[in-house]
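**Q** Provided herewith is a single structure, encoded as structure tokens, for subsequent inquiry.
Nothing in this text is a laboratory measurement; each read-out follows from the coordinates by a stated rule. Nothing here was measured: the structure is a model prediction, and the numbers come from that model.
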Amino acid sequence: MKKILVTGGLGFIGSHTVVELQNEGYEVVIIDDLSNSTIDVLDKIISITGKEPLYENLDLKNQESVQQFFKKHNTIDGIIHFAASKAVGESVEKPLKYYHNNISTLIYVLEGMKSNKVNNFIFSSSCTVYGQADVMPITEDAPFKTAESPYGNTKQIGEEIIFDTTKVSNLNAIALRYFNPIGAHESAKIGELPIGVPQNLIPYVTQTGAKIREQLSVFGGDYPTPDGTAVRDYIHVVDLAKAHIAAMKRLLENKNNASFEVFNIGTGTGSSVLDVIKAFEKVSGEPLNYKIVDRREGDITEAYADTTLANKELNWQTELNLEDALATAWKWQQTLK
Ligand code: UFG
């Protein structure tokens, strides 16, 4: 049984990935410092899978602890590295926090891997590396645009650090560039934990549906898109989790074509904010109170993935659609009331 370390394994995407790894028979070790998660997620993972992952509450910013971790756990076959801060707005306010949380920790993990001869690494990247791409759908060879935020910059720099490291070591790495991850596990035992006023669309929609928020503001009705609202590629978090298993398998079976590879992970379908609202109203049976307001600063017009490469090379396809994702997000929301 292969042993996989999942950093940030109690977070939103991390917890869903741990569930899928355990379902596939992998042994899992989780590192999470609970900075944006809670310990009861561990119990929920156990209750979904019937298996208990090893768990270490460890701050990856502490280089010494990272080295000690690798000495203690010296039979790890691969790492899926989620642990990072992800709030775009906060990253503008606190750039050093983001560079420290997202870059220092990446370096310490890569150093720990090197000294312990762990060579398989999956990195959480983001479609944010493309900025407003010139051509839709976006392929992996679209160029990086100047990052809109320190958060986005940490994903660009992170990929570059990993690429440079693969050139001079035995490291094999895959960066998965996620489009917009949404939804929750069908059991509604794990999902995205809401902290404060949601900045992202889906938690705002479900909280408005649940009457926790009065009205959703739709940011911008004058984009050059079919209905005037901005278009994104919303991917169900369970499909996204499965992409990590496919990518890890590729590395463990030495099927990668290069020591550093990148794949877009999306559905390939663009949905506007109004499409999301309509789909939510359909699956929840609730009318949604919304109003079109000015555009949000820093937002792009549209981003959706060309997933041809991931479909072919990872032998991975999405199985769930926008309505499936919104139905689970809504079910999850109702457990939070
Ligand atoms: N939106 C609203 N109202 C809201 C919240 C969002 O209309 O209350 C709109 C946004 O303007 C955007 C769309 O819904 O058009 C999606 O917004 P999200 O905040 O959910 O997602 P973003 O596409 O802005 O952000 C995502 C990831 C980030 C990443 C960014 C890169 O969540 O991690 O893409 O573009 F950095």
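**Q** Name the long-range amide H neighbours of residue 304: under 5 Å, sequence gap of 5 or more, or other chain; modelled H, no Pro or chain starts.
**A** The answer is 138.
**Q** Take every Cα pair under 8 Å in the stretch 208-310 that's 6+ residues apart, average their separations, divide by the length, and report that relative contact order as a whole percent. Before the final figure, lay out the partial values.
**A** Details: 135 pairs, mean separation 48.0, N = 103.
This gives 47 percent for the stretch 208-310.
**Q** To continue, here is another question. Enter the per residue convex hull volume of the stretch 28-75, computed from alpha-carbon coordinates, in Å³ rounded to the nearest integer.
**A** Working: hull volume 3.1 nm³, N = 48.
Hull volume normalised by residue count: 64 Å³.
**Q** Something else: If each Cα of the stretch 180-271 is one equal point scatterer, what is log10 of I(q)/I(0) from the Debye formula at q = 0.12, 0.16 Å⁻¹?
**A** With no solvent term, the Cα-only Debye profile gives -0.56, -0.86.
**Q** If you find the alpha carbon centre of the stretch 169-191 and of the stretch 314-329, how far apart are they in angstrom?
**A** Their Cα centres are 12 Å away from one another.
**Q** What is the Rg over Rh value, at two decimals, for the stretch 106-264, using alpha-carbon atoms and the Kirkwood definition of Rh? If you can, show how the numbers build up before the last one.
**A** Values: Rg = 18.3 Å, Rh = 18.0 Å.
Answer for the stretch 106-264: 1.02.
**Q** Work the Kirkwood hydrodynamic radius out for the stretch 33-111: mean of 1/r over every pair of different alpha-carbon atoms, inverted, in Å.
**A** Details: mean 1/r = 0.0698 Å⁻¹.
Here the Kirkwood hydrodynamic radius works out to 14.3 Å.
**Q** Could I ask something else about it? For residue 337, list the lysines whose Cα falls under 16 Å from its own Cα; do not include residues on the same chain fewer than 8 positions away.
**A** By straight Cα distance, residue 337 reaches 189, 211.
**Q** Where does the Debye-calculated log10 I(q)/I(0) of the stretch 216-330 sit at q = 0.09, 0.16 Å⁻¹, using only Cα point scatterers of equal weight, no solvent?
**A** So the normalised log intensities work out to -0.32, -0.82.
**Q** What are the ³J(HN,Hα) couplings of the stretch 163-172, residue after residue, when phi is run through the Karplus curve with 6.51, -1.76, 1.60 and θ = phi - 60°? Round to Hz, x for glycine and proline.
**A** Values, residue by residue: 4, 4, 5, 5, 5, 10, 8, 8, 4, 10 Hz.
**Q** Right, here's the next one. Pairs to check: 2/94; 145/312; 97/312; 61/242. Give those whose C-alpha atoms are more than 32 Å from each other in this structure. Let's see the in-between values first.
**A** Details: 2/94 38 Å; 145/312 26 Å; 97/312 37 Å; 61/242 28 Å.
Checking Cα-Cα distances, 2/94; 97/312 exceed 32 Å.
**Q** Sticking with this structure for a sec: Could you work out, for the chain, what percent of all Cα-Cα pairs fall into each 20 Å distance bin, beginning at 0 Å and stopping at the bin that holds the largest distance?
**A** Final binned percentages: 32, 61, 8.
**Q** Per-residue HN-Hα couplings for the stretch 186-201, Karplus 6.51 cos²θ - 1.76 cosθ + 1.60 at θ = phi - 60°, whole Hz, x for Gly and Pro?
**A** 5, 6, 6, 8, 10, x, 8, 7, x, 10, x, 7, x, 9, 8, 4
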